[in-house]
Amino acid sequence: MKRLLIMPALVILLTISAACGSDDEVVAEINEVSYAAMDYHFEGPQFLPSGMTELTLVNQGMELHHQQLLTLREGMTVDDSMAGLMSREEGLPPPGVDAAGGVGALTPGLSGNVTLSLTPGNYVMLWLVPNAEGAPHVALGMVKPITVIESGALPVAEPEADLNIGMVDFGFAPSTAISSRVQNILVTNQGEQDHEAFPIMLNPGASVEDFLGAFEGESPPGPPPGQGFGGFQAIAPSGGGTFTVDFGAGDYALVCFVTDPTTGARHFVLGMIHEFTVQ
C-alpha cells in the first residue's frame, strides 16, 4: 500500500487536484504526517487532507508529552475550547468537543504513531496533563489548531492488526496475550464513555501504583518510575484506530486516564488497568 508524506504545501496540492476535474480519480493512500512535541508547543502542519492518516509524534522535550486531538463542533473556536478546558475538572472534555484520538504519552526521546481516519472539520491538538509544578501544559502553549480538508480520496482500509483490544466501561479486552515483538494493535472503544490505551513500561521493582501515584498532586516533582510508550489517546465511543509498539522484556500496564463524568474518578481507579509481563 502506498503512503503519502504530508508536505507544507498541502493547500497548493489540494488546489491542483481540484483543478484536474471531478473525473480524475484520486489515488487511495494512507497519509503520513509527523509532529514534534516540545516544552511547551507542537511543531508540525496545521492543514491535513481527510482520510486514513498515520500520525507520528516525537517527544523532543524534557517531560512526558502526548497528542490529544479534539474535534470542534460547527461554529466553535480554539479559544472556546480552551476556555471550556480551563473551567472544568482535569480530564473532562468541555462541551462542544469530542475526543478524536492521537499519540499517547511518550517519555522524552521516544516516538510513537497512530493510524486513524480523519474527517473534514476543525480540530485542536493539545496536551492535557499538568507539569511537575501543577501548570497545565495547554496553558503553557501546548495547543495547536488543526484543519482537515476534504481530499476526495478513495477510502483506505486500516492497517492489518496483530492484536485487537476492546476498550469497555471499565477495562481492556485483548484478543490474545501481548507478546514481545513489534505489534500493530487495533483499539476500539466499545464503551459508552471516552477511553484511551496508554502502555507503560515499569522500572525494575516499581509497581503500576507507583507510576500512577507520580501524577497525584501530593507527589514530589519528578518523572514517574517507568516509560510512556505512546499508545492511543482518548477516543469517543465507537471510535478507534491502530498504534504500533515494540514490547521488550519487562513489566507493563495498559492504563486509561480518562475521568468518569459521574464520579470524577479516573478510569484506572474504576478498574481500567491491564497488567502484563513480557519475557
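Observations on the model:
- Whichever residue in region 25-75 is closer than 22 Å to Pro159 by Cβ and among the charged types (D, E, K, R) and, among such residues, is surrounded by the most Cβ atoms within 10 Å (Cβ to Cβ): Glu54
- Looking only at residues in region 85-101 that are at pLDDT 60 or above and small (Gly, Ala, Ser), the one that is surrounded by the fewest Cβ atoms within 10 Å (Cβ to Cβ) is Gly96.
- Among residues of region 122-150 that are farther than 19 Å from Gly96 by Cα, those with a Cβ under 7 angstrom from a residue that is modelled with pLDDT of 90 or more and of a type in the set (S, T, N, Q), sequence gap 6+ or separate chain, pair up as Ile149/Ser50; Glu150/Ser50.
- Among the residues of region 215-236, those that are out of contact with any Asp or Glu (no Cβ under 6 Å at 6 or more places or on another chain), at pLDDT 80 or above and in a loop (DSSP other than H, G, I, E, B) comprise Pro224, Gly230, Gly231.
- Matching option when the condition is loosely packed, with under 15 Cβ neighbours inside 10 Å and at pLDDT 95 or above, among Gly21, Gly109: Gly109
- Residue tally, condition in contact with an Asp or Glu (Cβ under 7 Å, 6 or more places away or on another chain) and either of a type outside the set (A, V, I, L, M, F, W, C) or outside any strand (DSSP E or B) (or both), over region 253-279: 8
- Qualifying residues in region 52-67 (those that are modelled with pLDDT of 95 or more and in a strand (DSSP E or B)) - the one farthest from Pro120 (Cα to Cα): Asn59
- Residue list for region 40-51, restricted to those being part of a strand (DSSP E or B) and not hydrophobic (A, V, I, L, M, F, W, C): His41, Glu43, Pro49, Gly51
- Residue match in region 171-192 (condition: in contact with a Phe, Trp or Tyr (Cβ under 7 Å, 6 or more places away or on another chain), of a type outside the set (A, V, I, L, M) and under 16 Å from Gln233 (Cα atoms)): no
- Looking only at region 98-151, and only at residues there that are part of a loop (DSSP other than H, G, I, E, B) and β-branched (Val, Ile, Thr), the one that is farthest from Gln227 (Cα to Cα): Thr119
The values are calculated or read from the model by the stated rules, or taken from the named source; none is laboratory data. Keep in mind that what you see is a predicted model, and the values were worked out from it rather than measured. Every residue, glycine as well, gets a Cβ built from its backbone with ideal geometry; the counts of neighbours run over all protein chains shown.
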